[in-house]
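Below is one structure; the comments refer to it alone.
What follows is calculated from the coordinates using simple rules that are stated; it is not laboratory data. Just so we're clear, the structure is a prediction, and the values are computed from it rather than from any experiment. Using ideal geometry, Cβ is built from the backbone for each residue, glycine included, and neighbour counts are taken over all protein chains shown.
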Amino acid sequence: MNSHSSDKRQRRIDAFSLVELMIAISILTLVGLGTLSGMLQSRRMTEGSIYVATATTVAQGYIEQLKNMKFDLLDESVFTELINQGAPDTLTVSPMVADPEVGDSATDVPNVKLIDINNTTSDTTDDLQMTFVVYIDDITDSATGIGDARRIILRWSYTDNSNKNARFVGNTLYAIRSSVPTF
């Protein structure tokens with residue numbers, strides 16, 4: 001064997017062929033696209049969780065404010081003493097319905113609020129638009145020994161468009177407030 005053919009054979013063994021290189025690039029591309037897709041899905045899910053957590057926190061804030069206001073104000077049709085994002089706010093009460101979790105579109109009074117999740121006060125286009133429906137139910141019943149008491153019901157919802165398909169997100173919160181002060 002001459003040394004020239006031995007060098008040629010050695011080069012062939014050490015080098016990749018074009019087909020092998022294309023297969024390797026294809027595999028790496030598929031793995032990279034799969035990883036990128038997973039990361040994007042994870043980001044969307046995280047963003048959705050942030051919106052749900054924020055919406056729940058805002059709704060719970062309203063419930064806490066309603067529970068802590070003067071008892072006789074719970075019989076009003078509009079609550080004017082509330083605060084939202086540090087500014088005075090109001091909520092209008094809807095007439096009580098048979099099923100507050102479903103509501104009644106004919107009588108429900110939607111309270112639409114913009115929640116600035118991204119802390120961009122000058123840009124309202126990125127705000128979370130939430131709808132709140134408030135019911136106050138007088139549950140006073142002297143026959144069973146229940147004194148002056150009100151059931152506060154707050155149904156909240158928003159439309160999540162983060163996945164390019166509108167998805168309804170909402171929940172209903174309940175609280176009881178009696179005329180007896182609690183601290």
**Q.** Rg/Rh ratio calculated on Cα atoms of the range 1-160 (Kirkwood radius)
**A.** 1.48
Q: Among 136, 153, 27, determine the one that fluctuates most according to a GNM of the chain built with springs between C-alpha atoms less than 10 Å apart.
A: 27
Q: Mind putting a number on the dipole of the chain about its Cα centre? Charges go on the C-beta only, +1 for Lys and Arg and -1 for Asp and Glu, and I need it in Debye to the nearest 20.
A: 1420 debye
**Q.** Estimated FRET transfer efficiency (residue 96, residue 124; beta-carbon r; R0 30 Å; 0.05)
**A.** 0.40
Q: Choose one of 59, 25, 48: the residue whose Cα lies farthest towards the positive end of the charge dipole of the range 20-178 (beta-carbon charges +1 Lys, Arg; -1 Asp, Glu; about the Cα centre).
A: 25
Q) Along the Cα-to-C-beta direction of residue 75, a point sits 7 Å from the Cα; which residues of the range 116-139 have their amide N less than 15 Å from that point? A) 136-139
Q | Nearest-0.05 FRET efficiency for residue 16 and residue 39, computed from C-beta distance (R0 22 Å) | A | 0.15
Q: On a 0 to 90° scale, report how tilted helix 18-68 is relative to the longest principal axis of the chain, with both axes built from alpha carbons and the result rounded to the nearest 10.
A: 10 degrees
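Of 70, 113, how do they rank once you tally other Cβ atoms within 10 Å and put the fewest first?
Details: 70 10, 113 19.
With the sparsest Cβ surroundings first, the list reads 70, 113.
In percent, how large is the relative contact order of the chain, given Cα pairs closer than 8 Å and 6 or more residues apart? If you can, show how the numbers build up before the last one.
Values: 229 pairs, mean separation 30.2, N = 183.
Taking the mean separation of contacting Cα pairs over the length of the chain, I get 17 percent.
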(Q) Run the reach check for residue 67 against aspartates and glutamates, Cα to Cα strictly under 17 Å, same-chain hits fewer than 8 apart removed. What comes back? (A) 75, 76, 81, 89, 137, 138, 148
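How big is the range 85-183 by the Kirkwood estimate over distinct Cα pairs, in Å? Intermediate results must be reported in sequence, preceding the final value.
On the way: mean 1/r = 0.0633 Å⁻¹.
Computed over the range 85-183, the radius equals 15.8 Å.
Relative to the Cα centre, what is the charge dipole magnitude of the range 92-149, using +1 at the beta carbon of each Lys and Arg, -1 at the beta carbon of each Asp and Glu, and rounding to the nearest 20 debye? Walk me through the numbers before you get to the answer.
Working: 1 positive and 12 negative charges, 20 e Å.
Charge dipole, the range 92-149, about its Cα centre: 100 debye, nearest 20.
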